[in-house]
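*Asks:* Okay, here's the structure, questions in a sec.
The values are calculated or read from the model by the stated rules, or taken from the named source; none is laboratory data. This structure is a prediction, so every number in the text was calculated from the model and none was measured. Counting neighbours? That spans all protein chains shown, and the Cβs are built from the backbone with ideal geometry, glycine included. What goes into the accessible areas is simple: the full protein's heavy atoms, side chains included, and nothing from ligands, DNA or RNA. Shrake-Rupley method; radii C 1.70, N 1.55, O 1.52, S 1.80 Å.
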Amino acid sequence: KAQSIILYTLSKLQPTDSFAVARIDTGSYSEKDIIAKATFDDRPSSANVQKRAFADAIKTFVDHSQAASYTDITGGLLQGIEFLNEKNSGRKTILIFSDLKEDLEKGYVRDVPLELEGFEVVALNVTKLRSDNYDPREYLGRVATWRQRVEKAGGRWRMINDLGRLDGLL
């Protein structure tokens, strides 16, 4: 599902837009976790070539990826914030594909303030865990915790589980 959303997003991006995709794994606050990134050329034909290369990189990743042992959502957000700030983007949107359960390996510290003023964070297709079936409060709690964290940091939060509603995203 993430791959189809990425391809949809690519189709909506314009020349000079910037886009990056990174995985959330054990320690996601690292350049090595960026799967693909690009600032698209202002010439549409060149931008299309870049988009095809981007899509190919994503396909290769999806075809060879394995589940991570841990989930560093905060590290991924920090990486996204840095990327978009560095690009001096006019519109700053971070998409998260996750169950929103952060699970850090011992030694990783993510109790850091997020600076999300001017950012929109969109949680897409938030996966429900098996335990959520027994107690939906766990799922609702994870969603509420991330919403509060994003909004406290000055960002705008949205959640889209119906992927048919992506048209308004970009």
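*Asks:* Multiply the residue gap between Glu120 and Glu86 by 0.36 nm, knock off their C-alpha separation, and tell me the result in nm, one decimal place. Display every interim value, and only then the final one.
*Replies:* Values: separation 34, 0.36 × 34 = 12.24 nm, distance 1.64 nm.
Length gained between Glu120 and Glu86: 10.6 nm.
*Asks:* Show the residues, 5+ positions off or on another chain, whose built amide H is closer than 5 Å to the amide H of Ile35.
*Replies:* Val21, Ala22, Arg23
*Asks:* In debye, nearest 20, what is the charge dipole magnitude of the stretch 1-56 about its Cα centre with +1 on Lys and Arg Cβ and -1 on Asp and Glu Cβ, if you could check? Provide the component values of the computation, followed by the final result.
*Replies:* Working: 8 positive and 7 negative charges, 38 e Å.
With only Lys, Arg, Asp and Glu charged at Cβ, the dipole is about 180 debye.
*Asks:* Quote the relative contact order of the stretch 95-144 in percent (integer), defining contacts as alpha-carbon pairs under 8 Å separated by 6+ residues.
*Replies:* After rounding, I find 51 percent.
*Asks:* For the chain, with only Lys/Arg (+1) and Asp/Glu (-1) charged at the beta-carbon, what is the dipole magnitude about the Cα centre, in debye rounded to 20?
*Replies:* Its charge dipole is roughly 380 debye.
*Asks:* Is the shape of the stretch 67-170 rounded, prolate or oblate, going by the alpha carbon gyration tensor and its root eigenvalues a ≥ b ≥ c, with a/c under 1.5 for rounded and a/b larger than b/c for prolate?
*Replies:* Numbers: a/c = 1.82, a/b = 1.21, b/c = 1.50.
Oblate.
*Asks:* Take the alpha carbon atoms of the stretch 111-165, find their center, do the same for the stretch 31-60, and report the distance between the two centers in whole angstrom.
*Replies:* The stretch 111-165 and the stretch 31-60 have Cα centres separated by 27 Å.
*Asks:* How much length would be gained if the chain were fully extended between Asp56 and Asn161, taking 0.36 nm per residue of separation minus their Cα-Cα distance, in nm to one decimal? Write out the running numbers ahead of the final one.
*Replies:* Working: separation 105, 0.36 × 105 = 37.80 nm, distance 2.56 nm.
Result: 35.2 nm gained on full extension.
*Asks:* Relative contact order for the chain using alpha-carbon pairs under 8 Å, separation at least 6, rounded to a whole percent?
*Replies:* Numbers: 226 pairs, mean separation 33.1, N = 170.
Relative contact order here is 19 percent.
*Asks:* A follow-up question, please. Quick one: pull the percent of accessible area on the stretch 3-59 belonging to carbon and sulfur, 1.4 Å probe, ligands and nucleic acids left out.
*Replies:* Details: 1570 of 2990 Å².
Answer for the stretch 3-59: carbon and sulfur cover 53 percent of the accessible area.
*Asks:* Taking only protein heavy atoms and a 1.4 Å probe, what accessible area per residue, in Å², does the stretch 50-154 have with all protein chains in place? Show your work: numbers first, answer last.
*Replies:* Values: 6500 Å² over 105 residues.
Per-residue value: 62 Å².
*Asks:* Just check the stretch 34-90 against the gyration tensor rule for me: Cα atoms, a ≥ b ≥ c as the square roots of the eigenvalues, rounded for a/c under 1.5, and otherwise prolate or oblate depending on whether a/b exceeds b/c.
*Replies:* Numbers: a/c = 5.35, a/b = 1.27, b/c = 4.22.
Taking the square roots of the gyration eigenvalues as a ≥ b ≥ c, the stretch 34-90 is oblate.
*Asks:* Are any of the pairs Lys37/Lys106; Lys32/Lys152; Lys51/Lys106 more than 31 Å apart by Cα-Cα distance, and if so, which? Don't jump to the answer; show the numbers that get you there.
*Replies:* Working: Lys37/Lys106 29 Å; Lys32/Lys152 29 Å; Lys51/Lys106 38 Å.
With Cα atoms farther than 31 Å apart: Lys51/Lys106.
*Asks:* Classify the stretch 1-120: rounded, prolate or oblate, from the alpha-carbon gyration tensor (a ≥ b ≥ c, eigenvalue square roots; a/c under 1.5 rounded; otherwise prolate if a/b is larger than b/c)? Display every interim value, and only then the final one.
*Replies:* On the way: a/c = 2.35, a/b = 1.43, b/c = 1.65.
Oblate, because a/c is 1.5 or more while a/b does not exceed b/c.
*Asks:* Something else now. If each of Asp41 and Asp111 carries a label point 7 Å out from its Cα toward its Cβ, how far apart are those two points in nm?
*Replies:* Reported label-point gap for Asp41 and Asp111 is 4.9 nm.
*Asks:* Please report, as a whole percent, how much of the solvent-accessible surface of the stretch 78-120 comes from carbon and sulfur atoms (probe radius 1.4 Å).
*Replies:* Details: 1180 of 2710 Å².
Solvent-exposed carbon and sulfur of the stretch 78-120 make up 44 percent of the total.
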